[in-house]
């Protein structure tokens, strides 16, 4: 049991910023395929659906890892799991530039997703051990802004690096970052373990109805966020005929306020009803996603901004809902199961289906249908009895 930080001064703040940077880098490398996807599609001469299938492999690897991490990281140590995750990320990103066949990219996407997926089921229990419960909302929300920040910054990072390097060189840069982070984290963190048999905990967790309700909500939350994000550059360049620089700039700007929204939600849930805030975030995300598929082309940028505003607020709220729904010994594994289901379906299958929609009819139709489903699933929030 580590000594909890009573406030956000000194080491507590510095450690939180470091965890933020690790999550930022993890999330950024996972989504960097989105802004460079038009380049990959042209270089390897593949269809929208085949290019978008990268996200299935990324999400499948991610989903496998979060369950694996949820089952075993508590027993073997959250610190060791995070270090292992960073070392694997460094190795995979150093190898990706040597790929010569598009099919091999699927294999490395699977490995990349797996390496990223090991992190968050260990990070959330680690954070709840380091910080007092009264601060969980703020701490988890701030940590989650690493994802929001990555969603905003990655298109601009990609554009900057593409001016200096070919797309393969981008992954060398990430490899150096992960190697450095693994070394620093090894020396600045303390080990945290959870006693108990992971398989007995797993059997208990899968019998809890709230697990599957939460997973269903997260599936569509991830679909509206990562699913849309993954195909927007293709949608804007191939269907709306924008150049890649304009498309990625628009994608990045649409996520401009995401960090502030995530932090604001962290403060709101510490003061107001978590379930109501969660419902509002999911429902407004669904409505704005419908509009994204229906509005005239000249308004796409504005609606994309609005959609990002609402969907970003869901994730810190959703992570806090998981932390409050499940007991300490279940928290890491529950996070793993929920993220596994949501990322494989919402972050992998949804962009693939949107790619098929783009090939057969249009991206707009697929986006509108996704928005309808997100809006309908928002009512499941009121079935989560633990959040009353």
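Readers should treat all values here as calculations from the given coordinates under stated rules, not as data from a laboratory. Model, not experiment: these values are computed from the prediction. Here the Cβ is made from the backbone with ideal geometry for all residues, glycine too, and neighbour counts use every protein chain on show.
Before moving on, here are some points about what is shown:
- Proxy reagent accessibility, fewest Cβ within 10 Å first, across 330, 214, 64: 64, 330, 214
- Normalised by 2.2 N^0.38 Å, where N counts its residues, the alpha-carbon radius of gyration of segment 90-152 equals 1.52.
- Range of Cα positions in segment 54-139 per principal axis (Å), largest first: 50, 22, 21
- Residues 167, 23, 212, ranked from the fewest to the most other C-beta atoms within 10 Å, line up as 212, 167, 23.
- According to the Kirkwood relation over distinct C-alpha pairs, the hydrodynamic radius of segment 11-387 is 20.4 Å.
- In plain terms, the chain from residue 241 to residue 373 could stretch by 44.7 nm, reckoned as 0.36 nm per residue minus the Cα-Cα distance.
- Taking other C-beta atoms within 10 angstrom as a stand-in for reagent exposure, 309, 112 fall in the order 309, 112, fewest first.
- For the peptides 291-302, 169-180, 133-144, 114-125, the ranking by mean Cβ contacts within 10 Å, running from highest to lowest, is 114-125, 133-144, 169-180, 291-302.
- With the helix formula -39500 (n - 2.57) applied to DSSP H stretches of n ≥ 4, the chain reaches a computed 222 nm mean residue ellipticity of -25500 deg cm²/dmol.
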